[in-house]
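Note sheet for the following structure.
The values are calculated or read from the model by the stated rules, or taken from the named source; none is laboratory data. Quick caveat: nothing in here was measured; it's all calculated off a predicted structure. Neighbour counts run over all protein chains shown; Cβ positions are idealised from the backbone, glycine included.
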Amino acid sequence: MTRFEVTYAEQACFVCGQKNQDGFRVSFILDGDDGIYFNVKIPEMYQGYDGIVHGGMISTMLDEVMANCFFRRGIDCVTIEINVRFLKALPVEKDVKVVGKIEKQNSRFGFSTGWIEDNTGTRYAEGNGKFYLIAEDSDEVIIRKSFLENNESNNKNQEYK
């Protein structure tokens, strides 16, 4: 089992950021050439209906794993769209595995799938996503890094154009 540690600037990420004290701080595990997964137990505070994980939290977990399929290849990306199908109510406090696989990619876009399952293989949700891939030598990377640096040092009222 090889772990994939997140090393980019967004250490405050709600799901994977190791510096986010209120987040999940998950560690990714490599799964073949095109996939990753992480194990998680979603606490009661993220329920929608009584005892059931909120659908927004399920969508967040799927978005995270699908995007990080590209990060593991060293490619920055941002989510363009995700589609989620809720198959079965996911109880809070249940140990689950969140899995992501790359389906295809070209120079600008990546497509991946993801699902949430328990240790018996029962699937609770599945999804697919389209991601804008940011080239390493692109001005977008410089803009993104600059935004992150400025955002940390400036007050909340500053406008970004």
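Suppose the filter is within 22 Å of residue 25 (Cα to Cα) and in contact with a Leu (Cβ under 9 Å, 6 or more places away or on another chain); does residue 53 pass it?
For residue 53, the condition - within 22 Å of residue 25 (Cα to Cα) and in contact with a Leu (Cβ under 9 Å, 6 or more places away or on another chain) - is met.
Could you grab me the full set of residues in segment 82-112 that are of a type in the set (Lys, Arg) and without any contact (Cβ under 8 Å) to a residue 40 or more places away in the chain?
Matches in segment 82-112: 88, 104, 108.
Residue by residue through segment 97-122, note down the ones that are in a loop (DSSP other than H, G, I, E, B), in contact with a strand residue (DSSP E or B) (Cβ under 9 Å, 6 or more places away or on another chain) and not basic (Lys, Arg).
106, 107, 118, 119
Report, by residue number, each residue of segment 44-60 that is closer than 15 Å to residue 95 by Cα, free of Cβ contacts under 8 Å to residues at least 60 places away in the same chain, aliphatic (A, V, I, L, M) and assigned to a helix (DSSP H, G or I).
Across segment 44-60, the qualifying residue is only 57.
When residues of segment 69-96 are filtered for being at pLDDT 95 or above and in a loop (DSSP other than H, G, I, E, B), how many remain?
7
Which one of 49, 37 is among the hydroxyl-bearing types (Ser, Thr, Tyr) and surrounded by 17 or more Cβ atoms within 10 Å (Cβ to Cβ)?
Checking each option against the conditions leaves just 37.
Can you tell me which residues in segment 61-81 are without any contact (Cβ under 8 Å) to a residue 60 or more places away in the chain, buried (at least 17 other Cβ atoms within 10 Å of the Cβ) and not hydrophobic (A, V, I, L, M, F, W, C)?
Of everything in segment 61-81, just one residue is without any contact (Cβ under 8 Å) to a residue 60 or more places away in the chain, buried (at least 17 other Cβ atoms within 10 Å of the Cβ) and not hydrophobic (A, V, I, L, M, F, W, C), namely 64.
Which ones in segment 99-114 are basic (Lys, Arg) and under 13 Å from residue 135 (Cα atoms)?
Selection gives 108 alone.
When the residues of segment 93-124 are narrowed to those that are in contact with a helix residue (DSSP H, G or I) (Cβ under 7 Å, 6 or more places away or on another chain), β-branched (Val, Ile, Thr) and closer than 21 Å to residue 51 by Cβ, which ends up surrounded by the most Cβ atoms within 10 Å (Cβ to Cβ)?
Across segment 93-124, the extreme among qualifying residues is 116.
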